[in-house]
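We did not get these values from a lab; they are worked out from the coordinates using the rules stated. Since we're looking at a predicted model, the values are computed, not measured. When we count neighbours, we look across all protein chains shown, and the Cβ atoms used for this are built from the backbone with ideal geometry, even at glycine.
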Amino acid sequence: MAEHPIQGLMATAMENIKDMVDVNTIVGDAVQAPDGTVIIPISKVTFGFAAGGGEYSSCCTVEGESEDNSEDGNSKPESKFPFVGGSGGGVSINPVAFMVVGQGQIKLLPVNMNSSLEKVLDLIPDLIEKTKDSVKKNLKVKKEIKSDDANAKCAKEDE
């Protein structure tokens, strides 16, 4: 049985993805510090792959060809249009942690360990700005109330 064209598309895409990714993609190249400590980056690799194609129905035959174009009468007629297909793939690489080996210890330091702390630190400037605006508004309202009270006292004294 002849190989279907979609198999060629899939094989090409998979070979190219295989060429892109090796062990160093997930476990990166080690970096050695002057004190002998070795730092190894660890990444999360995500793959996506899709392939598809289509053939036109047997109702579309080449002009001048009969429906039965073989001696035994069992073959399909040739279609006017060739096989149509496509394939694609994608790779996403995100750092996850660093493995630190040295001084008789092995530590795994996650990248997002302090992510909630970082979010809080990022929100502090906005919080300070909003608090400052709120305090200014409150002071302005208090000054207006005091000036209204002073005007009311002056009006009573004038009567």
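Give, in nm to one decimal, the length gained when the segment between Q32 and I106 is fully stretched (0.36 nm per residue of separation minus the Cα-Cα distance).
Stretched fully, the Q32-I106 segment lengthens by 25.2 nm.
At F47 and V21, where each label point lies 7 Å from the Cα along Cα→Cβ, what is the point-to-point distance in nanometres?
0.4
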